[in-house]
């Protein structure tokens with residue numbers, strides 16, 4: 001899953017990016033309102049984390065503009081404001097939730113997961129053939145055998161299974177599994193596909209991921 005953080009304090013933004021990438025997310029960062037709004041409007045994100053007080057366009061205005069476009073992407077505010085009026089103002093602008101600074105990373109992560117569960121209609125697991133993934137607990141089973149994957153391997157397989165029976169181009173995979181600043185060389189995808197295939201074959205799940213030559217990959221049920 002792909003997140004956008006709009007936060008002008010680079011230390012906080014970097015801390016969040018590192019922590020969320022360890023939790024299997026692809027993370028993009030913007031440090032001011034205009035660039036953040038441009039990124040939110042031109043890319044496909046699963047959730048936005050927006051600091052209320054950012055340079056240029058305020059976090060509130062970013063939120064309003066995103067909602068005005070018709071987007072229903074979950075939005076979570078980071079804010080030092082804590083009065084009831086401020087909270088209501090932020091929620092009325094279109095935010096789904098907020099967390100007050102300073103905050104614990106574990107609480108932020110829990111709030112993100114709540115929003116993503118709502119977004120996916122409390123989807124507890126996804127599957128393709130004998131493979132079953134729980135995106136919340138980050139567990140994956142093949143033929144009832146639990147597998148151990150790296151965060152990037154997990155994110156890649158989750159994306160492919162979420163899009164099963166559809167061809168996933170290399171550009172789409174890079175967009176959703178790696179962040180926007182990743183090198184445009186997509187050969188790294190082939191390396192990770194090789195790693196995944198070896199691990200899947202090791203637990204009896206051969207041929208789950210098929211190559212569409214010159215385009216990308218597809219996961220089929222059969």
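Bear in mind that the values in this text are calculations on the coordinates, not laboratory data. What you are looking at is a predicted structure, and each value in this text was computed from that prediction instead of being measured. So basically every Cβ, Gly included, is an ideal-geometry build from the backbone, and we count neighbours across all protein chains shown.
Would you please report the Å³ per residue occupied by the convex hull of the alpha carbon atoms in the stretch 126-219?
Working: hull volume 8.4 nm³, N = 94.
In the stretch 126-219, the Cα hull volume divided by residue count equals 89 Å³.
Compared with the dominant Cα axis of the chain, that is its longest principal axis, helix 151-162 is turned about 80°. Taking Cα atoms, how many degrees apart are the long axis of helix 187-202 and the longest axis of the chain, rounded to 10 and kept between 0 and 90? It is inclined by approximately 60 degrees. Taken over the Cα atoms of the stretch 2-119, the convex hull encloses 93 Å³ per residue. Taking label points 7 Å from Cα along the Cα-to-Cβ direction, residue 220 and residue 134 give a separation of 3.1 nm. For a label point 7 angstrom out from the Cα of residue 109 toward its Cβ, which stretches of the stretch 1-28 have the backbone nitrogen within less than 18 Å? It comes to 1-5, 12-28, nothing else.
Each helix, a run of at least 4 DSSP H residues, gives -39500 (n - 2.57); summed and divided by the residues of the chain, these come to -13000 deg cm²/dmol at 222 nm.
Per residue, the average separation of C-alpha pairs within less than 8 Å and at least 6 apart gives the stretch 2-119 a relative contact order of 23 percent.
Where Rh denotes the Kirkwood radius from the mean inverse Cα pair distance, what is Rg over Rh for the chain?
Details: Rg = 18.5 Å, Rh = 18.5 Å.
Reported Rg/Rh (Cα atoms, Kirkwood Rh): 1.00.
Its relative contact order, with pairs defined as Cα atoms under 8 Å and 6+ residues apart, puts the chain at 17 percent.
If R0 is 30 Å, what FRET efficiency do you get for residue 83 and residue 38 from their C-beta distance, rounded to 0.05? Walk me through the numbers before you get to the answer.
Working: r = 31 Å, r/R0 = 1.02.
After rounding to 0.05, the efficiency reads 0.45.
Which angle between 0 and 90 degrees, to the nearest 10, do you get for helix 105-119 versus the longest principal axis of the chain when only C-alpha atoms count? Helix 105-119 sits roughly 70 degrees off the main axis of the chain.
Across the stretch 115-178 the C-alpha pair distances fall into 10 Å bins from zero in the proportions 20, 52, 28, 0 percent.
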